[in-house]
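The values are calculated or read from the model by the stated rules, or taken from the named source; none is laboratory data. Keep in mind that this is a model prediction, so the values were computed, not measured. Cβ placement follows ideal geometry from the backbone for every residue including glycine, while neighbour counts extend to all protein chains displayed.
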Amino acid sequence: MLKLNKRQFLIGAAGLTAAAAMPWSAGAAGRKIMVFASTVDIPNFDPHVATGYAPQWLFRNTYDALVRVVGNPPEPAPGLAKSWSHSEDGLTYTFELDENAKFHDGSPVTAKDVEYSFARLLRLQKGPAWMVEGILDETSVKASGEMTVTMSLKKPFAPLLSVLPWMFVVNSTLVEENLGSDDGQGWLLANVAGSGAFKMGRARPGDLYQLVRVEDDWHKGGNIEGAIWKIVREAATTRMMLQRGEVHFALDLFAEDMDAIKDIPGVARIMEPDYRSFSIKMNTAKGPLADKNLRKAISYAYNYQSMLDAAGPAELMSGPLPTGMFGHDPDLAIYRQDMAKAKEYLAQSEHKDGGFTLTMMHAAGYENQRRWCMIMLESLKALNIGLDIRPMVWPDIVAMARSPETMTDLYSIFQSANYADPDNTAFAGYHSSRNGQWQNPVYSNPEVDKLIEDARAEGDPAKRATLYRKFQEVVIDDAPDIFGVLELRKFAMRDNVQDYAFCPVAANTMEVWPLSLA
Amino acid sequence: MLLFVLRRLVLVVPILIGLTLLLFVVARLLPGDPVGLAAGPNATPELIASLRQEFGLDQPLPIQYWTYLTGLVTGDWGMSVFTRRPVFEDVLTYLPATLELVFAALIIAVVVGIPLGLLTAVYRNGVLDYATRTLALGGIAMPRFFLGLLLQLAFAAWLDILPLSGRYPLIEIPPETVTGFYTVDALIAGDWYALRIALAHLALPAIAMALSPLATIMRMMRASTIEVLQQDYVMTERALGLSNRLILFKYVLKNAMTSTLTVIGLYVSWMLGGTVLVETVFDWPGLGLYATQAILTQDFMPVIGVTLVIAIIYLFTMLVVDVLYGVFNPKVRYA
């Protein structure tokens with residue numbers, strides 16, 4: 001056994017301490033590895049199962065879809081499909097695949113793989129399958145040639161090219177080899193079978209995921225050799241990592257973080273309007289707020305200016321659709337604080353004297369949501385209505401949204417657009433088939449349903465815009481929500497990142513391969 | 001003593017069964033819907049129902065509990081609804097990081113705290129005593145996460161002599177896993193560079209975690225040493241002409257250690273349960289972060305699994321402490 005006298009021990013201890021304090025990142029310099037800091041984990045690698053922005057980032061970089069989405073305003077761009085066309089009636093789409101596309105194992109991406117992927121996605125009915133619910137089924141996508149795919153829609157669906165970027169193609173041979181008893185779900189949970197620019201490197205759940213650029217990658221662009229998705233929970237740590245150049249993108253920053261980093265050299269702040277909206281939903285099916293006049297009274301009583309002041313960099317919404325999105329009408333007659341009108345509508349309601357208390361929920365830990373609840377408390381006082389504010393954790397919110405009975409009178413939510421089309425917000429937030437989900441727990445109006453269905457089937461942009469204008473008018477008149485604010489998308493990047501262009505759809509799940517590091 | 005240890009080990013079993021029962025019931029009584037959450041915002045009721053069936057959550061509670069209990073024995077600690085991974089595997093992945101941090105903090109607290117406690121007792125009301133008293137007050141009063149942020153600011157952001165966060169540089173590969181302790185694995189691999197890097201990353205979080213136990217151990221040691229120094233036998237030893245060093249290290253230290261040992265034992269579990277804040281600030285991928293994620297998503301099985309691991313470690317720590325009483329004080333008899 002090693003025996004040390006006191007002097008040897010002290011010298012050893014001092015040596016270790018000195019060694020520990022020596023430079024500790026010798027091997028880091030010079031490599032083109034881009035690091036993203038996020039608070040969110042990637043629990044599942046299956047592109048036909050997982051949802052959420054962190055998995056989406058993984059899929060966009062390890063898999064390919066037929067079509068990509070790029071630019072501002074967002075436009076469809078070639079992905080696996082180098083070109084496409086559709087029939088007059090909008091029911092048949094034909095895609096020609098890029099001959100250069102190949103999977104990580106070197107095999108070419110063929111129409112058979114595309115057919116297999118869509119069949120699997122629509123069989124499992126998980127992940128992004130909801131986007132084409134009622135539009136495509138397991139048999140709708142067929143390989144009509146070696147490199148030609150034909151998609152037969154059950155009914156016309158104008159946003160098809162907007163949803164395709166989220167439907168990724170898997171290597172059918174590889175998945176078949178690892179099928180198991182669950183359609184390959186167990187295997188794809190922790191393995192990648194894609195054709196994307198990167199393959200999976202290290203995966204340390206809860207800590208980091210490393211992607212490695214595929215040798216002889218068929219995507220041409222950028223100089224990035226690898227990418228790391230690093231999970232950092234504490235905003236102060238993220239800021240310091242950004243300051244030291246240890247991360248290139250910090251994705252989950254709040255307004256106060258953006259203020260704190262504004263003078264840091266080498267850091268560029270990105271604050272752009274995107275389609276992420278915040279609104280206050282009302283229980284239109286049960287309780288006092290089933291009364292439309294009361295909802296209108298509250299819509300007029302709410303102090304929108306205070307809400308905007310509390311929000312930081314943001315703008316007020318004007319109606320249910322995000323500003324700037326196709327179909328949004330900036331000239332709609334919207335609610336702004338007007339106490340005379342609020343009292344007028346209150347007088348027409350069944351609760352004209354007030355004297356009751358409403359319940360309002362906000363997501364625990366979200367300071368802005370708490371502030372907006374306090375503004376609601378103040379606003380309702382003027383109508384002699386009390387407010388019981390309850391912070392809830394996310395699982396409770398999901399459970400609460402299940403039925404009119406469990407839903408609180410008011411509740412505040414953020415909603416992001418998954419694809420660049422008004423159908424996303426309209427269908428998820430206002431179509432009655434979504435009742436029971438947190439985006440639309442209870443609101444139901446057959447006229448709104450019809451308008452949404454007609455608009456998603458309409459191929460003529462001018463007619464679609466008219467339908468969406470009508471949709472917005474009806475929803476505003478129904479006042480199911482307090483239409484709140486559009487917060488600017490806030491994140492930061494190091495200034496040695498090159499070729500980055502903001503896209504308001506899925507802005508924080510950027511494709512890495514077109515980027516470069518100086 | 002063997003009989004004593006065996007009896008204590010047997011007693012661990014009903015304690016753990018009681019604990020799992022309590023956790024199981026409380027977790028299920030909480031409102032919320034982890035399956036609905038895990039299924040995502042656009043899941044159909046059929047999908048949610050099938051997930052519920054997959055995780056056995058459609059079964060009556062007693063059957064769920066029995067399945068869980070029998071699974072525990074075979075190493076099946078259930079599945080996480082959120083990550084879809086076996087809880088036992090997850091716990092094994094995250095535990096070494098936490099244990100490495102806790103042990104490092106404990107070593108700092110004990111190696112610095114005990115000698116300082118002894119010295120301040122011997123030279124009480126001196127400069128050292130006053131200085132350490134201030135340190136102790138600060139150490140106990142200051143929240144660990146705040147201390148962590150201060151340390152980061154000073155040693156990482158300003159002086160730039162230690163890494164900011166994490167266990168290892170992001171783009172470098174840590175030593176090959178044998179124990180999961182990067183420092184030990186680096187030693188096993190004979191990789192001095194990796195050892196240096198792992199120690200550098202360990203330094204700040206371990207100090208942040210160690211300060212409060214260090215302060216308590218030091219004050220406890222000081223108090224018990226003062227008490228022991230006033231005992232008649234110490235006076236007798238002095239009268240016999242034994243050297244101060246001999247009296248202090250051979251006789252006083254052992255007697256003063258008994259109560260300090262209890263505090264050290266309690267701090268092991270305190271640190272295990274309380275790593276979450278330090279792990280969050282230093283982005284240390286350990287059990288605390290795993291448990292936080294599980295709590296926020298009401299993922300029952302990981303929460304129960306983590307609590308169970310902490311309970312097991314706590315029970316064994318207390319057993320070790322009880323055994324050590326006898327080493328320091330031969331008067332202690334194991335019955």
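At a glance:
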{"item": "Residue match in the range B:112-133 (condition: touching a residue at least 12 places away in the same chain (Cβ under 8 Å) and within 12 Å of chain A (Cβ to nearest Cβ))", "result": "yes"}
{"item": "Considering residues of the range A:217-237 that are modelled with pLDDT of 90 or more and not hydrophobic (A, V, I, L, M, F, W, C) only, the residue nearest to residue B:170 (Cα to Cα)", "result": "A:230"}
{"item": "Helices (runs of 4 or more DSSP H) fully within the range B:115-216 counting 3 or more residues that are within 18 Å of the chain's Cα centre (by Cα) and either among the basic types (Lys, Arg) or assigned by TED's automatic domain parsing to the domain that holds residue B:92 (or both)", "result": "B:144-151, B:182-189"}
{"item": "Strands (runs of 3 or more DSSP E) contained in the range A:89-205 and holding at least 1 residues among the basic types (Lys, Arg) and closer than 15 Å to residue A:66 by Cβ", "result": "A:141-143"}
{"item": "Yes/no for residue B:269 being in contact (Cβ under 8 Å) with a residue 24 or more places away in the chain, closer than 30 Å to residue B:66 by Cα and assigned to a helix (DSSP H, G or I)", "result": "yes"}
{"item": "Residue count for the range A:168-213, restricted to those that are of a type outside the set (Phe, Trp, Tyr), within 14 Å of chain B (Cβ to nearest Cβ) and within 22 Å of residue A:40 (Cα to Cα)", "result": "17"}
{"item": "Residue list for the range A:387-412, restricted to those being more than 22 Å from residue A:298 (Cβ to Cβ) and either assigned to a helix (DSSP H, G or I) or charged (D, E, K, R) (or both)", "result": "A:394, A:395, A:396, A:398, A:399, A:402"}
{"item": "Answer from B:242, B:214 - the residue that is among the aliphatic types (A, V, I, L, M) and modelled with pLDDT of 90 or more", "result": "B:214"}
{"item": "Check on residue B:103, over 26 Å from residue B:257 (Cβ atoms), part of a helix (DSSP H, G or I) and more than 8 Å from chain A (Cβ to nearest Cβ)", "result": "no"}
{"item": "Matching residues in the range B:273-287 - criterion: being buried (at least 24 other Cβ atoms within 10 Å of the Cβ) and more than 8 Å from chain A (Cβ to nearest Cβ)", "result": "B:275, B:278, B:279, B:284, B:286, B:287"}
{"item": "Meets criteria (modelled with pLDDT of 95 or more and in contact with a helix residue (DSSP H, G or I) (Cβ under 8 Å, 6 or more places away or on another chain)) for residue A:67", "result": "yes"}
{"item": "Residue B:216 away from chain A (no Cβ under 14 Å), in contact with a Phe, Trp or Tyr (Cβ under 9 Å, 6 or more places away or on another chain) and either among the β-branched types (Val, Ile, Thr) or closer than 21 Å to residue B:103 by Cα (or both)", "result": "yes"}
{"item": "Test for residue B:160: is it at positive phi and out of contact with any Gly (no Cβ under 6 Å at 6 or more places or on another chain)", "result": "yes"}
{"item": "Residue satisfying all of: in the range A:214-259; among the basic types (Lys, Arg) and within 11 Å of chain B (Cβ to nearest Cβ); farthest from the chain's Cα centre (by Cα) among these", "result": "A:244"}
{"item": "Which numbered condition residue A:452 fails, given (1) more than 30 Å from residue A:70 (Cβ to Cβ); (2) surrounded by 20 or more Cβ atoms within 10 Å (Cβ to Cβ)", "result": "(1)"}
{"item": "Residue match in the range B:293-300 (condition: surrounded by fewer than 18 Cβ atoms within 10 Å (Cβ to Cβ) and in a helix (DSSP H, G or I))", "result": "yes"}
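Yes or no, residue by residue, for (1) in the same structural domain as residue A:245 (by TED's automatic domain parsing); (2) surrounded by fewer than 22 Cβ atoms within 10 Å (Cβ to Cβ); (3) of a type in the set (Phe, Trp, Tyr); (4) touching a Leu at 6+ places or on another chain (Cβ under 9 Å):
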position	(1), (2), (3), (4)
A:417	no, no, no, no
A:422	no, no, no, yes
A:447	no, yes, no, no
A:462	no, yes, no, no
A:469	no, yes, no, yes
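Matching residues to (1) over 15 Å from residue A:192 (Cα atoms); (2) touching a Phe, Trp or Tyr at 6+ places or on another chain (Cβ under 9 Å); (3) aliphatic (A, V, I, L, M); (4) crowded, with 24+ Cβ neighbours inside 10 Å:
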site	(1), (2), (3), (4)
A:100	yes, yes, no, no
A:154	yes, no, no, no
A:159	yes, yes, no, no
A:174	no, yes, yes, no
A:179	no, yes, yes, no
